[in-house]
Amino acid sequence: MPFQILLNIIIAVMWMFLSETYNFTSFLVGYIIGILMLFVLQRFIPDTFYIKRVFSVIKLIMLFVRELLLSNIDIVKLAYKPKLDIQPGIFALPIDLKSNWEITLLANLISLTPGTLSLEVSEDYSKIYIHAMDIPDVEQSIKDIKETFEKAIMEVTR
């Protein structure tokens, strides 16, 4: 991915020099031409097309914002109930992530979402222990995290 970004910047700078206009508009046109050239020639470049990964990062950020808003609404609903009928608990989330960066990102996304807190990662890095403020169904909570955050992280990193 860094190689593709560097190639794209070089193409944009070359476009500026060839068109003999040294402003941001000319650079932007060259950058867009570079994106198109890299897209057409992507079979000759060893890594996946980097714009796909950029869209995956944007998708992960939007997913986090959505989950943040929904969990805030759930916490406010719980806080304003006259009778507190929650089922707090700790559960183990089996993870398919391999690198330390991926596991750390997942643990941080879980902790930043209100109502959940990642407590510990197992010794073999196969599970994250999570405390949740309200867990009516543990299996559904595991499924939700795996289908949202973990899937989006794998799209970004792999």
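Values quoted throughout were computed directly from the atomic coordinates according to the rules given, and no laboratory measurement underlies them. Keep in mind that this is a model prediction, so the values were computed, not measured. For neighbour counting, all protein chains shown are included, and Cβ atoms are generated from backbone atoms with ideal geometry for every residue, glycine included.
Residues that are of a type outside the set (Val, Ile, Thr) and under 17 Å from residue 145 (Cβ atoms): find the helices (runs of 4 or more DSSP H) completely inside region 1-104 holding 1 or more of those.
The qualifying helices (runs of 4 or more DSSP H) are 50-79.
Residue by residue through region 98-121, note down the ones that are over 13 Å from the mean Cα position of the chain (by Cα) and under 21 Å from residue 139 (Cβ atoms).
The answer is 113, 115, 116, 117, 118, 119, 120, 121.
Out of the residues in region 120-158 meeting the condition of being part of a helix (DSSP H, G or I) and β-branched (Val, Ile, Thr), tell me which one is farthest from residue 99 (Cα to Cα).
Across region 120-158, the extreme among qualifying residues is 138.
Is it the case, given these coordinates, that residue 117 is in contact with a Ser or Thr (Cβ under 8 Å, 6 or more places away or on another chain) and not in a helix (DSSP H, G or I)?
yes
Collect the residues in region 47-97 that are under 14 Å from the mean Cα position of the chain (by Cα), of a type in the set (Val, Ile, Thr) and more than 25 Å from residue 5 (Cα to Cα), keeping them in residue-number order.
Scanning region 47-97 gives a single hit, 65.
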